[in-house]
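Trainee: Submitted below is the structure of interest, expressed as structure tokens.
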Number of protein chains: 2
Amino acid sequence: MSYKQIIDSKLSQYCSKQRLYIESFNEAFCYSLLNGGKRLRALLMLTIIELKRQVSEDDYKIAMGLEMLHAYSLIHDDLPAMDNALLRRNLPTNHIVFGEDLAILAGDGLNTNAFYMISSAKISPEKIVKIIKTLSEKTGIYGMVLGQAADILSSKNKLNKPQKWLVNFIHKNKTARFLQSCCEIGAILSDQDERPFSKFGLYLGMSYQIIDDYLDIVSDKKVLGKDKKDIDNNTLTYPKVYGIEKSLDLANKLKGLAIDALKNIQGHEKLIELAEFIVKRAS
Amino acid sequence: MSYKQIIDSKLSQYCSKQRLYIESFNEAFCYSLLNGGKRLRALLMLTIIELKRQVSEDDYKIAMGLEMLHAYSLIHDDLPAMDNALLRRNLPTNHIVFGEDLAILAGDGLNTNAFYMISSAKISPEKIVKIIKTLSEKTGIYGMVLGQAADILSSKNKLNKPQKWLVNFIHKNKTARFLQSCCEIGAILSDQDERPFSKFGLYLGMSYQIIDDYLDIVSDKKVLGKDKKDIDNNTLTYPKVYGIEKSLDLANKLKGLAIDALKNIQGHEKLIELAEFIVKRAS
């Protein structure tokens, strides 16, 4: 089984065991968590661990926490007050199925539960603290949440900042820093120097988001599995600021920097494949 | 200075040092955090520590984290899709001032940043992990968020459960378990047995919420500092299920159980005062 299949199956098991008494909340919580996706955050973490040692049950627990955090961010991003998205991974978004109230709460619960999963892992407390510190830094007000605020405000023309500065700020904070922390966490868990993986994750994340913007323009809605909202929503994207060609060029350069960061790492082929896949992907 | 004054002042300093680049997000984040309140969660934690030793700077850092988590819960509870509240502590609610998008994100940021604050404290990793574990358990899907889901769904007549079971479930999860974890955290930080404080916090929290329901019925809006929404919102409350007299009786009994849990704790007078204050308070 691939890591994606293992994570999907473990999340499925996890959800089938939850008895939260309030059934519709339980469903809203699991709906977005089990709704597929590339499991990129878990994949990055696990692939980095694999460079050093076999993946353990506790590693999976932490990987599930990362995917919970990611699921929360998608539910909240899709809300009517945010991107107002109706479709995600070819299914109606969480608030369309369960209502805004449960969607907000499912997101909140997934966010907090990520930290519960991680703090419950049976690994050294030193590692758990390092993991929670990088993750809460890079997905909170010094990362993802801040980037989402910049994204939303910029799309509503409420920010008076230079476009090139802003698009870089949004991508770095909204997307890249979370991926960066997933790579750092892989290194922490497997006793490797975090720095090269941290760089790799940051550059990869920047590249990833440029490709995401590009796909929103050129892809078919069905392939993408979600509404093409960037133009409707007036989202600030790399193609809008730099044009398509220069954006793809930048994405490739960033991928190159990501790969370069790993040059002294033994056995990094799978990570490079992952980076190549991200830049070549179709959805 | 009282603990409340110290916490207010430390949160104020913290906010004045934040430079999050996106000014309106920065403001939304700080607005609800600095908007007063009793600081009950911090107070409980600090008062429990004080039984054993002097409060340290790192304790305050963790207390600030608890108040951030509380501020997040209020912002999200007040949202249009939830309680649709216009007023909180005599000021317009976060989404009224900053819009729903920033209010959701400020809440998300406060939630995650609580874990960042705690994981950044310079205390033993073992303690940090224990603290994060109890907090994320009791404010997430096994506590506060679950209780809020039950509350909202019950007010929309979407839950088919016996009323007595439900009102107890809501109060325990929505309010009491967070207070319980604050008490446990105080004990963890000061190397005391968590069990009596855990019981104390749980009973106190139950009592606290009954009084909250009662005040919503009898108090003046100005004294309360928020809209009296329980009747408009069809909220399931103790007075509704048991009547006012029996509810006050129950609140007193629970306060008694809380105090009783501390019977073997030396120097517990300040905690008992706190419990008495909670049941006697006017807002």
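Trainee: Looking only at the range B:166-190, which residues have a backbone nitrogen under 15 Å from a spot 7 Å from the Cα of B:D58 in the C-beta direction?
Mentor: Residues B:186-190 fall inside that zone.
Trainee: Tell me which residues come under 5 Å, amide H to amide H, from A:K161 once H is placed; ignore anything under 5 positions away on its chain.
Mentor: Amide H neighbours of A:K161: none.
Trainee: Can you compute the helix-only [θ] at 222 nm over the protein assembly as shown? Use -39500 (n - 2.57) per DSSP H run of at least 4 residues, normalise by all residues, nearest 500 deg cm²/dmol.
Mentor: -22000 deg cm²/dmol
Trainee: OK, next. Before anything else, pin down the relative contact order of the range A:189-283: Cα pairs under 8 Å, at least 6 apart, normalised by residue count, whole percent.
Mentor: 41 percent
Trainee: List the relative contact order of chain A as a percent without decimals, with contacts defined as Cα pairs under 8 Å and 6+ residues apart.
Mentor: 18 percent
Trainee: To continue, here is another question. For the B and A pair, go ahead and give the buried accessible area with a 1.4 Å probe, both sides summed, in Å² to 100.
Mentor: Roughly 4600 Å² of accessible surface disappears when B and A pair.
Trainee: Ignoring ligands, DNA and RNA, what percent of the accessible area of the range B:1-135 is carbon or sulfur (1.4 Å)?
Mentor: Carbon with sulfur: 53 percent of the solvent-accessible area.
Trainee: Just A:L110, A:L79, A:L179 to compare: in a GNM of chain A, with alpha carbon springs under 10 Å, which one fluctuates most?
Mentor: Highest fluctuation among the options: A:L79.
Trainee: While we're looking at this one, here's another question. To the nearest 10 square angstrom, what accessible area does A:C30 show with a 1.4 Å probe?
Mentor: So the heavy atoms of A:C30 present about 10 Å² to solvent.
Trainee: Kindly give the distances from B:V97 to its copy-mates, label point to label point, with each label point 7 Å from Cα along Cα→Cβ, as nm values to one decimal ordered shortest first.
Mentor: Distances between equivalent label points, in nm: 3.6.
Trainee: Mind listing the label-point distances from A:K253 to the same position on all other copies, shortest first, one decimal in nm, points 7 Å along Cα→Cβ?
Mentor: Here the equivalent label points are 7.2 nm apart from this one.
Trainee: Taking a cut-off of 15 Å, what percent of all Cα-Cα pairs in the range A:158-206 are separated by more than that?
Mentor: Taking all Cα-Cα pairs of the range A:158-206, the fraction more than 15 Å apart is 48 percent.
Trainee: Turning to a different aspect of this structure: Over the Cα atoms of the range B:135-178, compute the convex hull volume and normalise it per residue, giving Å³.
Mentor: 50 Å³
Trainee: Just to be sure I understand: if I project the alpha-carbon convex hull of the range A:3-280 onto a plane and average over all orientations, what area do I get in nm²?
Mentor: Averaged projected area of the range A:3-280's Cα convex hull equals 13.8 nm².
Trainee: Please give the average number of partner chain Cβ atoms lying within 10 Å of the Cβ of each residue in A:76-85, rounded to a whole number.
Mentor: The shielding value for this peptide is 3.
Trainee: State, to one decimal in nm and shortest first, how far the label point of A:R281 sits from each corresponding label point in the other identical copies (label point: 7 angstrom along Cα-to-Cβ).
Mentor: Relative to the other copies, A:R281 has label-point distances of 4.7 nm.
Trainee: Work out the mean other chain Cβ neighbour count within 10 Å for the residues of A:134-144 and drop it here as an integer.
Mentor: For peptide A:134-144, the averaged partner shielding equals 6.
Trainee: Still on this structure, I have one more. Over all alpha-carbon pairs of the protein assembly as shown, lay out the pair-distance distribution in 10 Å bins, whole %, shortest bin first.
Mentor: All Cα pairs, binned at 10 Å, distribute as 4, 18, 29, 27, 15, 6, 2, 0 percent.
Trainee: Moving to a separate point now. Once Rh is set to the Kirkwood radius over Cα pairs, what Stokes-Einstein translational diffusion coefficient, in µm²/s, holds for the range B:1-111 at a temperature of 10 °C and a viscosity of 1.306 mPa s?
Mentor: Estimated via Stokes-Einstein, D reaches 110 µm²/s.
Trainee: In what order, largest first, do B:D58, B:D232, A:D193 sit by accessible area if the probe radius is 1.4 Å?
Mentor: B:D232, A:D193, B:D58
Trainee: Could you give each residue of the range A:5-22 its phi-based ³J(HN,Hα) in whole Hz, using Karplus coefficients 6.51, -1.76, 1.60 with θ = phi - 60°, and x for Gly or Pro?
Mentor: So the Karplus estimates, Gly and Pro as x, are 5, 5, 4, 4, 5, 5, 5, 4, 4, 4, 5, 5, 8, 6, 10, 9, 6, 9 Hz.
Trainee: Using amide H atoms built 1.01 Å from N in the peptide plane, name the residues 5+ places from B:Y21, or on other chains, whose amide H lies under 5 Å from its own.
Mentor: Under 5 Å from the amide H of B:Y21: no residue qualifies.
Trainee: Relative contact order (percent) for the range B:59-128, with alpha-carbon contacts under 8 angstrom and 6 or more residues of separation?
Mentor: Relative contact order of the range B:59-128: 41 percent.
Trainee: Right, next: Along the Cα→Cβ direction, 7 angstrom out, place labels at A:N252 and B:M1. What is the inter-label distance in nm?
Mentor: Output for this residue pair reads 5.8 nm.
Trainee: I would also like to ask the following. Which residue in A is nearest the A/B rotation axis when you measure from the C-beta atom, and what is the distance in Å?
Mentor: A:P125, 2
Trainee: In peptide B:25-33, how many Cβ atoms from other protein chains are near each Cβ within 10 Å, on average?
Mentor: Neighbouring Cβ atoms belonging to other protein chains average 2 per residue here.
Trainee: Picking from B:D191, B:D213, B:D227, which is most flexible by a Gaussian network model of chain B using Cα springs under 10 Å?
Mentor: So, out of B:D191, B:D213, B:D227, the one fluctuating most is B:D191.
Trainee: List the trypsin sites (Lys or Arg not before Pro) in the range A:153-198 that DSSP assigns to loop (not H, G, I, E or B) and whose Cβ has at most 15 other Cβ atoms within 10 Å. Which are they?
Mentor: Here the sparse-neighbourhood loop sites are A:K156, A:K158.
Trainee: Leaving out ligands and nucleic acids, note down the accessible area per residue over the protein assembly as shown with a 1.4 angstrom probe, in whole Å².
Mentor: 39 Å²
Trainee: So what are the ³J(HN,Hα) numbers for the range A:214-219, from phi and the Karplus equation (6.51, -1.76, 1.60; θ = phi - 60°), rounded to whole Hz, Gly and Pro as x?
Mentor: Karplus values, whole Hz, x for Gly and Pro: 4, 5, 4, 7, 9, 7.
Trainee: Find how many whole Å separate the alpha carbon centroid of the range A:45-121 from the alpha carbon centroid of the range B:159-214.
Mentor: 27 Å
Trainee: Is the range B:110-215 best put as rounded, prolate or oblate by its Cα gyration tensor, with a ≥ b ≥ c the root eigenvalues, rounded for a/c under 1.5, and otherwise prolate when a/b is larger than b/c, oblate when not?
Mentor: Prolate is the answer for the range B:110-215, as a/c is 1.5 or above and a/b outweighs b/c.
Trainee: What are the ³J(HN,Hα) couplings of the range B:141-149, residue after residue, when phi is run through the Karplus curve with 6.51, -1.76, 1.60 and θ = phi - 60°? Round to Hz, x for glycine and proline.
Mentor: 6, 10, x, 4, 5, 5, x, 5, 4
The values are calculated or read from the model by the stated rules, or taken from the named source; none is laboratory data. This one's a predicted model, so the numbers in the text were calculated from it and none came from an experiment. Don't worry about glycine lacking a Cβ; one is built from the backbone with ideal geometry, like all the others, and counts go over all protein chains shown. Keep in mind that these areas ignore ligands, DNA and RNA; they rest on the heavy atoms of the full protein, side chains included. Shrake-Rupley method; radii C 1.70, N 1.55, O 1.52, S 1.80 Å.
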